[in-house]
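Worksheet for the structure shown next.
The values are calculated or read from the model by the stated rules, or taken from the named source; none is laboratory data. Please read all numbers here as calculations on a predicted model, not as lab measurements. Neighbour counts run over all protein chains shown; Cβ positions are idealised from the backbone, glycine included.
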Protein chains: 2
Amino acid sequence: MAAPQKKRTTKNAQSMAKGQREISISEFFTKNRHLLGFDSPVKALLTTIKEAVDNSLDACEEAGIPPRLLVEIRPDVPVNLGIELSSQESKPKNGNGNGKSSKEDRFKIIIEDNGPGIVKAQIPKIFGKLLYGSKFHSLKQSRGQQGIGISAAGMYGQLTTGQPVVIYSRTGANEPAHRFKIKLDLKKNEPTILEGDETIWEKEHGTRIEITLTGSYKRGQHSVDNYLEHTSIANPHLHLTYINPKGEESLYPNSTQELPTEPHEIKPHPYGVELGILARMLEDTKSRNITGFMKDEFCRVGAKTCENILTEAGIPPRRHPRRLQQADIQNLLDAIAVTKIAAPPTDCLSPIGEELVMAGLKSGVEADFYTSVTRPAAVYRGNPFQIEVGIAFGGKLPGDELAKVMRFANRVPLLYQASACGIHKSVLGASWRNYGVQQSKGALPTAPMVVLIHMASVWVPFTSESKEAVAHYPEIIKEMTLALQEAGRKLKRHINKRAREKDALKKQSYIQKYIPHIGEALQEILGIEDAEREEVIATLTDTLERSRKL
Amino acid sequence: MAAPQKKRTTKNAQSMAKGQREISISEFFTKNRHLLGFDSPVKALLTTIKEAVDNSLDACEEAGIPPRLLVEIRPDVPVNLGIELSSQESKPKNGNGNGKSSKEDRFKIIIEDNGPGIVKAQIPKIFGKLLYGSKFHSLKQSRGQQGIGISAAGMYGQLTTGQPVVIYSRTGANEPAHRFKIKLDLKKNEPTILEGDETIWEKEHGTRIEITLTGSYKRGQHSVDNYLEHTSIANPHLHLTYINPKGEESLYPNSTQELPTEPHEIKPHPYGVELGILARMLEDTKSRNITGFMKDEFCRVGAKTCENILTEAGIPPRRHPRRLQQADIQNLLDAIAVTKIAAPPTDCLSPIGEELVMAGLKSGVEADFYTSVTRPAAVYRGNPFQIEVGIAFGGKLPGDELAKVMRFANRVPLLYQASACGIHKSVLGASWRNYGVQQSKGALPTAPMVVLIHMASVWVPFTSESKEAVAHYPEIIKEMTLALQEAGRKLKRHINKRAREKDALKKQSYIQKYIPHIGEALQEILGIEDAEREEVIATLTDTLERSRKL
């Protein structure tokens, strides 16, 4: 099996040094596109739509506009060979024949919103540069967070079809609309603007994106259709029109005009800061003394707390931040750790809420029991987060299959990489047998059940840039477990009640059988009339009925 | 539960534009450190050692040097407060008291090799810049591939302890040794050199790295000890000395002097190229005609193949690469797809081999049946890869627990994120019941069994930068499944044979019981001597014995 051994090409440090070079972030993600969610044609289609929808919803909410979105997947035929054609004999073959497969898989994805639009100067970088955005440095709940997604979708389109991203944007009725065609320079991670002119657009404000890519459209669990349906469950304020590749239009109207509670940006909490970060903050700050620094750069540090920390650390309150030495910084950190500081504010979060979680489940799943739990906010590495759980049980759900888990992070449905996800892990780890539900070792519970979990946070720690699964931070798993336990206990009460009801029903029907005989026996013994006998039977039946209800 | 609704801070495109900005790759990974394997103190320790060991092994093998490594985890006490001390009353508390927890968790990690060393000019970037390396653009099997790992480990040390990375390196007996102290500028992703002088080092050639970090040392499945043990299983040429935080020294001697087959760099295969990449290659090439381009830039494209492709595409063979239009490029790609091209060469791979996989399993696992399979090389997205499977079964392995899965990628053990891994998925998906092994729905098989899977490739598609799990490419899962089936059939034969043996043994002991009686009966009927009777009994027993062996 082994190949014949070739002579070793012995290398040394000098020859090895020649190979060393810088890798641009766009080269890195071109090769590692699966990290961004582009590892299969089906997924590429979904990821592109997901990134665009995330951005549209974030922008609309931030601008206080009830979102109205259009999502369209249009089959696309490659532009046919132009003037600059070679005059070979094989020419007739071009544009048909082997082009078939590529034609079938080629789509133009269109996402249009009624959001605030994007100012002209920002358009090229937002769509033509990876790692560019506004949400990375801001501590509040949003769908997007890293400034990669939409430019990566454009890059994928460019890689697979050579087509640029087309963007229409207008920021208001008195402003001109713009139309851009943008490519991403794969070596430099910089936008190349092919066109960027004013244009006529009937919309007063909004953004429209067109990305041409090769992908594959399928129905089922991982489909765009499924994603959009789940999105409308978690975002009842969204009005969505969806046109699939067959041209069929689906409408998901908004069920409320009210936007979700607006999350407010917070400052980092002292408990989440680390030595290296603290050192950098001290370097960068505009504050001219350590007291001002602590109060300005962190949340929940007032005059008293600050004094406690600095006394504990042995640092004079007027010391200039840049005069702190390594050892001082360590002391400051140690002092923070032993000082009682209030938990971070939670108005940076916007959970769905118990009622809407339940309503969402009811609209999407036919069952005969529903429950939901919204946990109070908790903190991991200084980041506030909040867990919500919903359970649907029984009804028409199949009883002999593994339970279904619906995962959401900041209102975005997660469809892929279930088994890598902290949410999945927490459902696996809950002791379902305690709640009357079957479960084999190492598997999901087997029951007619759907479990919904939503994590809302200022920073969701995803296991990869494609944002498909939540990382296994112990604090997060713990909160999920607590929420599942709370919901599980409610479920148990329901299951027990059902069992008791079934039992009582059995007993009742047993007694019911004898009531007429009792009536006849009484008639015989007491010599009462037929009418009286019927009355006795009715009374007994009635008593039985009432006792059951108690 | 809902917080009182605050007034909306309505934003528009202009105010939103102000928040937009570039995110450096080091800022990105500081916040997303779990993507690099630094999401918990236990894992941080392991990841740091893993990245350094990977680099050492790659360098030694590339230079043709049998690797001798030292790995040491030394408890580290923070440098005590220097001269620049504040004179607060609380001073006595510093350096003890609340410092306790940080002391326990602080380690100096030392990894020293006898490799070729690193030339002076390259040291700062290799250790102080993310996305810098030699392996990213090279198509051959190596442990490292992205140029992130070791600088990320240094960055983590810096973040948690403020300490720089210390590097000793020497490239030969006639060269001076160098000692560097390096930090990573978190905002710019550039190295900051704190020291970089010549020094005295007794080693003729090699590299030594010291990283101080906070971490947590634990034994068990995810431990450094376990990782090093698995590493020595997959790398029998490695001589390793390991000193744990208690100062206990373990030795893993090499079991062979021979280095693994040297993998050779290949060019990309035409089947793996995409429109966008092809367009860029045409732009960048030094070839002045398309024929030269195809033959120089790809593997397996000879004169005949090239002619076939170009004829099919309708492109004149002397056309300048940069004169191809979008439509030509699409035609070229379509032509490649319908042209028969030989599979890429596989000397870019260096599998462990069936014998060594089996030997490795035997050295690490006590069982009574072992088998191994090395599949022929296959290709995903133009990248050659090869799957190897080993199974150990029975013996002292626990029969009522889920089977253990040992995962390797390019000879590196993967300890975390099992459930996210394509390897795990392929083991879950194999029909173990067909091979006589129990398996519940959705779970690993329940059996006294260890399954080892190794993927060797020029580019392992990991699910995250921390390289803990293999992405679910269908071609890869398919190869794993085929390898598991082949090994599974061998296992089945063993299990069946065992069952037959057990059965035969039962029958034999049954017959054995009657042999003396047959002897006696014959003696009575034929009137033979006692000696003859004994002879008959012996012959019958012997026959029985022989029939069983058949």
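Specify the residue that is modelled with the highest pLDDT; the eligible residues are those in segment B:362-379 that are surrounded by 20 or more Cβ atoms within 10 Å (Cβ to Cβ) and farther than 17 Å from residue B:494 by Cα. So the residue we want is B:374. Across segment B:266-280, the qualifying residues are those that are β-branched (Val, Ile, Thr) and more than 7 Å from every other protein chain (Cβ to nearest Cβ), and the one among them that is farthest from the chain's Cα centre (by Cα) is B:273. With a requirement of 2 or more residues that are among the aliphatic types (A, V, I, L, M), the strands (runs of 3 or more DSSP E) lying completely within segment A:350-409 that satisfy it span A:378-380, A:383-393, A:404-409. What about residue A:309, is it assigned by TED's automatic domain parsing to the domain that holds residue A:288, modelled with pLDDT under 95 and not small (Gly, Ala, Ser)? No; evaluated as a whole, the condition is false for this residue.
Within segment A:205-220, residues that are within 14 Å of another protein chain (Cβ to nearest Cβ) reach partners that are polar (S, T, N, Q) and surrounded by fewer than 21 Cβ atoms within 10 Å (Cβ to Cβ) with beta carbons closer than 8 Å, at six or more positions or on different chains, in the pairs A:214/A:102; A:216/A:40. Consider residue B:333 carefully, then state whether it is among the aliphatic types (A, V, I, L, M), under 25 Å from residue B:232 (Cα atoms) and assigned to a helix (DSSP H, G or I). Judged against the criteria, residue B:333 is not a match. The single condition from (1) at pLDDT below 90; (2) outside any loop (DSSP other than H, G, I, E, B) that residue B:343 fails is (2). On the stretch given as segment A:463-483, residues that are away from chain B (no Cβ under 14 Å) and free of Cβ contacts under 8 Å to residues at least 60 places away in the same chain total 1.
Residues that are assigned by TED's automatic domain parsing to the domain that holds residue A:134 and under 18 Å from the mean Cα position of the chain (by Cα): which helices (runs of 4 or more DSSP H) entirely in segment A:12-74 hold 1 or more of them? Qualifying helices (runs of 4 or more DSSP H): A:41-62. Of the set (1) within 23 Å of residue B:407 (Cα to Cα); (2) part of a helix (DSSP H, G or I); (3) in contact with a Gly (Cβ under 8 Å, 6 or more places away or on another chain), all apply to residue B:495 but (1). For segment A:497-504, the count of residues that are under 54 Å from the mean Cα position of the chain (by Cα), buried (at least 16 other Cβ atoms within 10 Å of the Cβ) and in contact (Cβ under 8 Å) with a residue 24 or more places away in the chain is zero. For segment A:428-462, a residue qualifies if it is in a strand (DSSP E or B) and either at the interface with chain B (Cβ under 9 Å from one of its Cβ atoms) or more than 18 Å from residue A:373 (Cα to Cα) (or both), and the qualifying residues are A:438, A:439, A:445, A:446, A:462. Out of segment B:372-427, which residues are among the aromatic types (Phe, Trp, Tyr) and within 13 Å of chain A (Cβ to nearest Cβ)? The answer is B:380, B:416. Does residue A:310 satisfy the criteria of being within 14 Å of chain B (Cβ to nearest Cβ), closer than 29 Å to residue B:164 by Cβ and surrounded by fewer than 21 Cβ atoms within 10 Å (Cβ to Cβ)? For residue A:310, the condition - within 14 Å of chain B (Cβ to nearest Cβ), closer than 29 Å to residue B:164 by Cβ and surrounded by fewer than 21 Cβ atoms within 10 Å (Cβ to Cβ) - is not met.
Here's the yes/no breakdown for (1) without any contact (Cβ under 8 Å) to a residue 24 or more places away in the chain; (2) under 19 Å from residue A:281 (Cβ atoms); (3) at the interface with chain B (Cβ under 10 Å from one of its Cβ atoms); (4) out of contact with any His (no Cβ under 8 Å at 6 or more places or on another chain):
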{"residue": "A:317", "(1), (2), (3), (4)": "no, yes, no, yes"}
{"residue": "A:321", "(1), (2), (3), (4)": "no, yes, no, yes"}
{"residue": "A:337", "(1), (2), (3), (4)": "no, yes, yes, yes"}
{"residue": "A:341", "(1), (2), (3), (4)": "no, yes, no, no"}
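Within segment A:382-403, the set of residues being surrounded by 19 or more Cβ atoms within 10 Å (Cβ to Cβ) and not β-branched (Val, Ile, Thr) comprises A:382, A:383, A:384, A:385, A:386, A:388, A:390, A:392, A:393, A:403.
Of the numbered criteria (1) surrounded by fewer than 20 Cβ atoms within 10 Å (Cβ to Cβ); (2) part of a helix (DSSP H, G or I), the one residue A:286 fails is (2). Residue count for segment B:252-270 satisfying the condition of being charged (D, E, K, R) and out of contact with any Lys or Arg (no Cβ under 8 Å at 6 or more places or on another chain): 2.
When each of A:250, A:255 is tested for being touching a Pro at 6+ places or on another chain (Cβ under 6 Å) and surrounded by fewer than 18 Cβ atoms within 10 Å (Cβ to Cβ), the lone residue that passes is A:255. Residues that are under 11 Å from residue B:199 (Cβ atoms) and touching a Gly at 6+ places or on another chain (Cβ under 9 Å) within segment B:168-184 comprise B:168, B:169, B:170, B:177, B:178, B:179, B:180, listed in sequence order.
Among all residues of segment B:90-103, there is at least one that is more than 7 Å from every other protein chain (Cβ to nearest Cβ), in a loop (DSSP other than H, G, I, E, B) and either at pLDDT below 80 or surrounded by fewer than 21 Cβ atoms within 10 Å (Cβ to Cβ) (or both). The residues listed here are A:315, A:387; of these, the one that is among the β-branched types (Val, Ile, Thr) and either at pLDDT below 90 or closer than 17 Å to residue A:301 by Cβ (or both) is A:315.
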